[in-house]
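Below you will find the structure I want to go over with you.
None of the figures in this text is laboratory data; all of them are computed from the coordinates on show. Note that the structure is a prediction, hence the values are computed from the model and not measured. With ideal geometry, Cβ positions are generated from the backbone for all residues, glycine too; neighbour counts draw on all protein chains shown.
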Amino acid sequence: MIVRWPTERCCNNILCACAAFLVFACDSGGDTNLWKRDFSKRAEGNSARGAGELTGYWEGQVAMGSIRAKIENAKITLAMKCDRDGKVVAQGSAPMSVQKSDPAKMILETDLKSSGDETCGFRFNKGSEFVYAFGEPGLLNVNFSGTSMAALRRLSSLEPGT
């Protein structure tokens, strides 16, 4: 059996493939923790922009604490602060569909549960419905499947290509 060392071109191809994998695997749009995103630079004028648009980044309060949401066309990500300083965060994502008829609602296509320990978190089962309505410009009122109501304030629109 003859063993050949990879050619320089082969090594370059492997390195490029590894680099591309790392870029795509590690770049989640900065959303591995929604609470670490800084929206202060975008906040000016964002509340009125996108009025009536469901997609975007949102923040508000529920009975358990502060939450942030990233709502995309077919996916929702929720992050809840479990302590005042935001050192403990529960976050999870799930695919969803949007039904715009009255009442408008987001319907989970799989379970939406937070990762992390058992001291703080959330779980919504597949099929749970988040009924929503737009309030004043930049406000989104959401009923989280009857567990909590929230008036969410728009932080930002989604980045292009999201």
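Does anything in segment 118-143 have its amide N under 14 Å from the 7 Å Cα→Cβ label point of residue 102, and if so which residues?
133-134
By how many nm would the segment from residue 139 to residue 111 lengthen if fully extended, with 0.36 nm per residue of separation less the alpha-carbon distance? Could the numbers behind the result be given before it?
On the way: separation 28, 0.36 × 28 = 10.08 nm, distance 2.58 nm.
Length gained, residue 139 through residue 111: 7.5 nm.
I've got another one for you. Can you tell me the equivalent ellipsoid semi-axes for segment 34-156? Use √(5λ) from the Cα gyration tensor, largest first, whole Å.
21, 19, 12
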